Amino acid sequence: MTVPTGEERHGVTRRTVIKAGLAGATATALPLGGLLRVIAEGSGGNSPPVTSFSVPLPRPPKAIPVGTTPEGLPLYVFHEREALVPILPGLPPTKIWGYEGTTPGPTISMRAGQKIVVRQVNELTTGTTTHLHGGDTDAVYDGYPTQLVPPGSSFDHVYTGEGETATLWYHDHAIHRTGENVYAGLAGMFLVSDANERSLPLPKGRFDVPLVIQDRLFDKDAQLVYPFEDPRTHQVLQQGVFGDTFLVNGAPRPFMRVARRKYRFRVLNGCNARVLTLALSTGEAMTVIASEHQLFEHPVDTTTLHMATSERYQVVIDFSKYPVGSKIVLRNEFEGDPGDPFSEALTREIMRFDVVADVKDPSSVPADLAPQEPLGVPTVHRTWEFHRSGGQWRINDEVFEENRVDAVLKNGTTELWTLVNGGGGWIHPIHPHLVSFKVLDRNGSPPEPWEVGAKDTVSLGQGDVVRIQFDVDENKEGKYVFHCHNVEHEDDDMMTNIQFVL
Ligand code: C2O
Ligand code: CU
Ligand code: CU
């Protein structure tokens, strides 16, 4: 057996505990109240089979404020709780951890410049901390990994909508447990709209649909399994935790009935570790109009869309070119993932669009979406290398230390970062909190056509060197984290602190 990750540094770690639990065990409960189980030996290591496209696509509930704070801000209350939800058809309900007991959690929608308060009430059995990913959030509300809200208590986060449209998501960020907590269900969408975007004839309302794509592994009773190891080889899954069953908005490989018109999808790769290459079974192009932040200057047509974990894209698909009765499968065509312990055949189909009706389509995708600010002249250059050594994931050869700051970012400066994949065949989605950046190039060549917009997470593929640039103009002070968004890498300390100063 390989040495559990993290052992060298922490002595007895949670992984050691889990491994100890695994020795000779069948289905052993992980130390989090029995929610997630390691898969039973001899079960074959796969989820119960699910017939593709047999369940309709759910939409996450819309979050509604429960009132206003004494300062007059809309107040949302999210109880983090355990719940039983039906996921696999014909099998018992699955125990999840969800904001308001749902997964994905309720979708928050707000306007740029608006301010809201989200009260996080922890009704779980472990400390949690909620992070609004991509948010322009004061450090105290950002969900710092060690700033845990203990079970039975609550914390009010103040969130400010950024200047432009943004497709954000919120998720748990607890130190060394983010992977387990997100896997158990603690994640939801958070959308910011701006005036320019609202004035454009893009698909809106019920034709603007979040698609949260996640892979999960279930045991025979439909309970979530969080495998640190390949159940067959007992190798620690270094590339993180994979599942063999796609969920979209919490439903396994669902279908969605669509009319012959354009739909706008807010796609999140919400997997812990799996990277995706989206494609339509018809081979036709999708129109990408935005990445995580802002609209693109011009729409980008592409037949494949690569998404590392936590990347988001706004994608318009025009179903008017298909006759009623057409069925179009959204596929994952990413091949050769270095960490995937499952047969790729299991993770090819994500969901299906069934064209069921004729309809007038008043929407369109304008050729000009949003003007972009010109890039500044970089004043500070930094290089970050992401690799594994000594049994841990590292940034510039260091593991996370709460009290070590590796970069001080001064308001008013422009930073150019060179992100280097230090090898080993792994993929690292890189995410600094607070800032949004532009991708300058990848391996000296222009980035992918859909990477032209403002982003907060970028895929650092095998052997890649990616350069990004951003202005430090948030007027914030304080310590934020910067990490790999393969959440198991993050949990195993591929994370550091960046300090913002005025
Ligand atoms: Cu999704 Cu530290 O972030
Ligand atoms: Cu974040
Ligand atoms: Cu990584």
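The values are calculated or read from the model by the stated rules, or taken from the named source; none is laboratory data. Predicted model, so just to flag it, every value in this text is computed and none were measured. Note that we place each Cβ from the backbone using ideal geometry, even for glycine, and neighbour counts take in every protein chain shown.
Side notes on the structure shown:
- Taking the range 167-202 as the range and being over 14 Å from the mean Cα position of the chain (by Cα) and either surrounded by 24 or more Cβ atoms within 10 Å (Cβ to Cβ) or within 15 Å of ligand 1 (Cβ to nearest atom) (or both) as the test, the residues that pass are 174, 175, 176, 177, 192.
- Of all residues in the range 294-301, one or more are within 30 Å of residue 411 (Cα to Cα), touching a helix residue (DSSP H, G or I) at 6+ places or on another chain (Cβ under 8 Å) and either at pLDDT 95 or above or more than 16 Å from ligand 1 (Cβ to nearest atom) (or both).
- Residue in the range 438-452 that is more than 16 Å from ligand 3 (Cβ to nearest atom), within 19 Å of the chain's Cα centre (by Cα), closer than 23 Å to residue 268 by Cα and part of a loop (DSSP other than H, G, I, E, B) present: no
- Single condition residue 334 does not satisfy, out of (1) in contact with a strand residue (DSSP E or B) (Cβ under 7 Å, 6 or more places away or on another chain); (2) free of Cβ contacts under 8 Å to residues at least 40 places away in the same chain: (2)
- Scan of the range 53-62 for residues that are touching a residue at least 60 places away in the same chain (Cβ under 8 Å) and within 23 Å of residue 129 (Cα to Cα), ordered by number: 60
- Entry remark, the range 118-134: residues being away from ligand 1 (no atom under 15 Å from the Cβ) and assigned to a strand (DSSP E or B) number 5 in total.
- Scanning the range 369-395 for residues that are of a type outside the set (Phe, Trp, Tyr), within 16 Å of ligand 3 (Cβ to nearest atom), out of contact with any Pro (no Cβ under 9 Å at 6 or more places or on another chain) and in contact (Cβ under 8 Å) with a residue 60 or more places away in the chain yields a total of 5.
- Here residue 318 clears all of (1) closer than 30 Å to residue 480 by Cα; (2) touching a Ser or Thr at 6+ places or on another chain (Cβ under 8 Å); (3) away from ligand 3 (no atom under 16 Å from the Cβ); (4) assigned by TED's automatic domain parsing to the domain that holds residue 255 except the condition numbered (1).
- Residue check, residue 462 polar (S, T, N, Q), exposed (fewer than 15 other Cβ atoms within 10 Å of the Cβ) and either at pLDDT 95 or above or under 27 Å from residue 304 (Cβ atoms) (or both): yes
- Residue satisfying all of: in the range 398-426; in contact with a Pro (Cβ under 7 Å, 6 or more places away or on another chain) and assigned to a loop (DSSP other than H, G, I, E, B); farthest from ligand 1 (Cβ to nearest atom) among these: 425
- Options 126, 107, 130: the member that is touching a Gly at 6+ places or on another chain (Cβ under 8 Å) and over 20 Å from residue 456 (Cβ atoms): 126
- Check on residue 462, within 16 Å of ligand 1 (Cβ to nearest atom) and either more than 19 Å from residue 376 (Cα to Cα) or among the small types (Gly, Ala, Ser) (or both): no
- Selection status of residue 106, in contact with a strand residue (DSSP E or B) (Cβ under 9 Å, 6 or more places away or on another chain) and assigned to a loop (DSSP other than H, G, I, E, B): no
- Residue within the range 35-53 that is assigned by TED's automatic domain parsing to the domain that holds residue 165, β-branched (Val, Ile, Thr) and modelled with pLDDT of 95 or more present: yes
- Residue pairs meeting the criteria (Cβ under 6 Å; at least 6 apart or on separate chains; first in a strand (DSSP E or B) and modelled with pLDDT under 95, in the range 67-93; second hydrophobic (A, V, I, L, M, F, W, C) and crowded, with 16+ Cβ neighbours inside 10 Å): none
- Failed item, numbered, when residue 284 is tested on (1) assigned to a strand (DSSP E or B); (2) free of Cβ contacts under 8 Å to residues at least 40 places away in the same chain: (1)
- Only one entry of 93, 74, 60, 86 meets the criterion of being touching a Leu at 6+ places or on another chain (Cβ under 8 Å) and not assigned by TED's automatic domain parsing to the domain that holds residue 342, and that entry is 93.
- Just one of the listed residues (430, 468) is surrounded by 19 or more Cβ atoms within 10 Å (Cβ to Cβ), in a strand (DSSP E or B) and over 17 Å from the mean Cα position of the chain (by Cα), namely 468.
- Elements of the type strands (runs of 3 or more DSSP E) sitting completely within the range 234-276 and holding at least 1 residues that are touching a residue at least 60 places away in the same chain (Cβ under 8 Å) and within 18 Å of the chain's Cα centre (by Cα): these cover 245-248, 262-269.
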